[in-house]
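Structure record follows, encoded as structure tokens.
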Amino acid sequence: MRRRVIVEFTPEQLELLDQAEARHGTKRAGIVAALAAYADPGTDAGSHVATTRNPARASPTDHASAGTDDLAHLRAEAQALRDTLGAAEAERDEAHAQLRRADDLRVRLEEAFGDQEDALNAELDGLRARRLSELYCACCDRWAPVDEWSWAADDQARQYAYHTPCGDEGGWMFQPSSRLARPPITEKSTR
């Protein structure tokens, strides 16, 4: 059941009503919130509503101080919200700055690694062009493809390739060797 209530407000009370409307969305919601606060004996709003409800008991200074207290409270709340917003905006700006720095670093790394990748690819292309695809086996007198090569180490731990089907034949005296290749002896390999 709904009931219409007609109320007259003083200019000070109208200012409070406007503040309640701004806080709660509508005048009706502001009045209902004030009534709910009045019904709760544990809130300060109950004593404020009690003095404003009965103008005979409340002095004009009570009304003015109550409005001033509410206004001061709202201003303090607004300032706290502005401070929180300012801190959030500063954090957002710092996050954007860090993101820009990270993106700049990513671009520099991509450029550096791109240059290195190009150089390595060029080196690989050069090595592929010089790579042997077959080696001559004196043991069987034919050219051995890569898939027939095996690797071993000699008594000085130097690597050499030999023709797998012919076995590791060193070619003693007048016998042909199945050893296909050995890296050249350098100062590093003799150490």
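The values are calculated or read from the model by the stated rules, or taken from the named source; none is laboratory data. These figures come from a predicted structure and were not determined experimentally.
Listed values, structure above:
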{"item": "Segments classed as strands (runs of 3 or more DSSP E), wholly inside the stretch 109-191, with at least 2 members that are modelled with pLDDT of 85 or more", "result": "142-145, 149-153, 159-163"}
{"item": "Qualifying residue in the stretch 25-44 (condition: at pLDDT below 80, assigned to a helix (DSSP H, G or I) and not hydroxyl-bearing (Ser, Thr, Tyr))", "result": "yes"}
